[in-house]
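In what follows, a structure is listed as structure tokens, so that the remarks can point back to it.
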Amino acid sequence: MYEKQRTIKKDISLSGIGLHTGIPCTMTFKPAVPDYGIRFVRSDIKGSPSVIADIDHVIDIARGTTLQDGEAKVYTVEHVLAAFAGLQIDNIIVELDGCEPPVCDGSSKPYVDKLLEAGIENQEADKFYLEIDTPMAYSEPERKVDLVVAPSDDLRITFMIDYQNPALGTQYTTLVDLEKEFVDEFSPSRTFCFLSEVEMLKEAGLIKGGGLDNAIVIYDSDLGQVEVDRIRNALNLKDKAFVGENGIINDIKLRFYNEPVRHKTLDLLGDLMLIGAPFKGHVLAARSGHKANVELAKRMRALYKKKKMAAKFSKGSGKALLDIRAILDIMPHRYPMLLIDRILDLEPDKRVTAIKNVTINEPFFVGHFPDHPIMPGVMILEAMAQAGGILLLNAIENPQTKVVYFMSIDNAKFRKPVTPGDQLRFELEMISFRRSACKMAGKAFVGDDIVASADFMAMVMDR
């Protein structure tokens, strides 16, 4: 896998109609600077609004992955994103004069061919890979869907499907090496659906641009040609259609004996590009679709954010996610008011766990019951609030330039005294976050005992 970020050398375009919308579109790939990422630009809308290709902008997964940010909305991006994943392209502008990329032949190969024609070049900036250290998983037991990501030195995918259909049956594939296998062995695999789904999809307002030239339609009825003709007439399809000997409408020849599962692998590659970074891990997938893919991508993006922050700030090598030196880089507080020693864990925008070691050397013990030292409740709340500040600052860009102001503290309760030698563990959860203001719920523990709890309202301001 490449160590440097990659983009293309020149602009290049292709045209066609969208699979689901049927709307004509010309799509132009353009080079982008390092750390730009992947961004879809709607040139047909005034001001050319754009949407970043990441999980935070996914708004729909009905038979495809749709992104939106304000007016910029783009349907069915997974095949284009799969091309970027397979060619390991990190930074690119995708300009469209319509709302959906051209479906072409239903695979990623037309996009891959254009990108290779434009040429791919390495950039000066290093890639940041999300490296999977411990297995993570997502499952939907009711649909028998399972996804697992295990540690691996490179990106690998093992995929299994087992549709109850003679034309498909159980299919299995493994992608081991993107550079050697993707272009010829996976990118040409086309999208597919069952004949019984076609009418439902059409009634749902989908596949307006679908046809037998850009999708494999698999026969799954026992009524023979009668059912094919009924659906063809109901949908007013102009193309002829007949039951093929291979179980595929019109006897369309597969490009690979297991083309459907290879296409599912292609979809998975595209959806996992929404993490916002390349990853090193072995994905094992069973019966997965866009919904499950996106849920896994959410978990992997949360891990990516955590690791990216740790790589940016952490200077230690211990078990803490952020040590005291990293905290000093993020927080504006200094002695004697910096009350957090370590960040043990942080799930971006959701929760944080922090540690405060309480010693007899704390300045407040000099005057707060010196013969019977007890940590003041207000200092416990202050330390808890500082942990919340780490969580809130991580939800915004350039936290070093910001400061957190707390607006209110509600429902504060103190259950047990905190004394020298105790180790306080703070656990805070983000309840809501809008613009620059948020609400958090926090608890303070010594061991397994809750010693204090409170709800906080806070806002972020420029320093």
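The values are calculated or read from the model by the stated rules, or taken from the named source; none is laboratory data. Nothing here was measured: the structure is a model prediction, and the numbers come from that model. Here the Cβ is made from the backbone with ideal geometry for all residues, glycine too, and neighbour counts use every protein chain on show. SASA here: full protein model, heavy atoms, side chains in, ligands and nucleic acids out. Shrake-Rupley method; radii C 1.70, N 1.55, O 1.52, S 1.80 Å.
Within the stretch 413-439, the set of residues being modelled with pLDDT of 95 or more, in a strand (DSSP E or B) and open to solvent by less than 50 Å² (accessible area, probe 1.4 Å) comprises LEU424, PHE426, LEU428.
For the stretch 155-164: of the residues being at pLDDT 95 or above and open to solvent by 30 Å² or more (accessible area, probe 1.4 Å), which is nearest to GLN88 (Cα to Cα)? The extreme case among them is ARG156. Within the stretch 340-388, the set of residues being exposed (fewer than 14 other Cβ atoms within 10 Å of the Cβ) and small (Gly, Ala, Ser) comprises GLY367 only. Annotation: of all residues in the stretch 175-230 being small (Gly, Ala, Ser) and over 31 Å from the mean Cα position of the chain (by Cα), the one that is surrounded by the most Cβ atoms within 10 Å (Cβ to Cβ) is SER221. The lone criterion from (1) farther than 29 Å from PRO278 by Cα; (2) touching a helix residue (DSSP H, G or I) at 6+ places or on another chain (Cβ under 7 Å); (3) touching a residue at least 60 places away in the same chain (Cβ under 8 Å); (4) not charged (D, E, K, R) left unmet by LEU201 is number (2). Has the stretch 326-338 got any residue that is touching a Ser or Thr at 6+ places or on another chain (Cβ under 7 Å) and either free of Cβ contacts under 8 Å to residues at least 40 places away in the same chain or over 23 Å from VAL149 (Cα atoms) (or both)? For the stretch 326-338, residues touching a Ser or Thr at 6+ places or on another chain (Cβ under 7 Å) and either free of Cβ contacts under 8 Å to residues at least 40 places away in the same chain or over 23 Å from VAL149 (Cα atoms) (or both): present.
For the structure I just gave you, tell me whether ASP271 is over 30 Å from ARG351 (Cβ atoms), buried (at least 16 other Cβ atoms within 10 Å of the Cβ) and in contact with a His (Cβ under 9 Å, 6 or more places away or on another chain). For ASP271, the condition - over 30 Å from ARG351 (Cβ atoms), buried (at least 16 other Cβ atoms within 10 Å of the Cβ) and in contact with a His (Cβ under 9 Å, 6 or more places away or on another chain) - is not met. Residues in the stretch 447-459: is at least one without any contact (Cβ under 8 Å) to a residue 60 or more places away in the chain, polar (S, T, N, Q) and farther than 21 Å from ARG342 by Cα? Among the residues of the stretch 447-459, not one is without any contact (Cβ under 8 Å) to a residue 60 or more places away in the chain, polar (S, T, N, Q) and farther than 21 Å from ARG342 by Cα, which makes the answer no. Looking at this structure, is ILE252 at pLDDT 85 or above and either within 22 Å of LEU175 (Cα to Cα) or open to solvent by 10 Å² or more (accessible area, probe 1.4 Å) (or both)? In short, yes.
For the stretch 255-266, the set of residues classified as out of contact with any Lys or Arg (no Cβ under 8 Å at 6 or more places or on another chain) and either at pLDDT below 95 or open to solvent by less than 10 Å² (accessible area, probe 1.4 Å) (or both) consists of TYR257, ASN258, PRO260, VAL261, THR265, LEU266, listed by residue number. Among the residues of the stretch 3-59, those identified as in contact with a strand residue (DSSP E or B) (Cβ under 7 Å, 6 or more places away or on another chain), within 24 Å of ASP154 (Cβ to Cβ) and not basic (Lys, Arg) are GLU3, GLN5, THR7, ILE8, PRO34, ASP35, GLY37, ILE38, ALA53. Checking the stretch 45-65 against the condition returns no match, with no residue being among the aliphatic types (A, V, I, L, M), at pLDDT 95 or above and open to solvent by 70 Å² or more (accessible area, probe 1.4 Å). Taking ALA150 as the residue in question, decide whether it is among the hydrophobic types (A, V, I, L, M, F, W, C), under 22 Å from the mean Cα position of the chain (by Cα) and farther than 20 Å from ALA85 by Cβ. Criteria not met by ALA150.
Criterion first (open to solvent by 50 Å² or more (accessible area, probe 1.4 Å) and farther than 18 Å from HIS79 by Cα) does SER15 satisfy it? In short, no. Scanning the stretch 141-154 for residues that are surrounded by 13 or more Cβ atoms within 10 Å (Cβ to Cβ) and either free of Cβ contacts under 8 Å to residues at least 60 places away in the same chain or farther than 17 Å from MET300 by Cα (or both) gives a single hit, VAL145.
Residues of the stretch 96-139 that are surrounded by fewer than 18 Cβ atoms within 10 Å (Cβ to Cβ), closer than 27 Å to ALA215 by Cα and at pLDDT 95 or above: ASP97, ASP113, LEU116, GLU117.
Condition (residue is open to solvent by 20 Å² or more (accessible area, probe 1.4 Å), more than 26 Å from LEU269 (Cβ to Cβ) and touching a residue at least 60 places away in the same chain (Cβ under 8 Å)) applied to the stretch 302-316: is it met by at least one residue? Scanning the stretch 302-316, I find no residue that is open to solvent by 20 Å² or more (accessible area, probe 1.4 Å), more than 26 Å from LEU269 (Cβ to Cβ) and touching a residue at least 60 places away in the same chain (Cβ under 8 Å), so the answer is no. Assuming THR21 fulfils every condition listed in (1) surrounded by 16 or more Cβ atoms within 10 Å (Cβ to Cβ); (2) among the polar types (S, T, N, Q); (3) assigned to a strand (DSSP E or B) apart from one, which condition is it? Condition not satisfied by THR21: (3).
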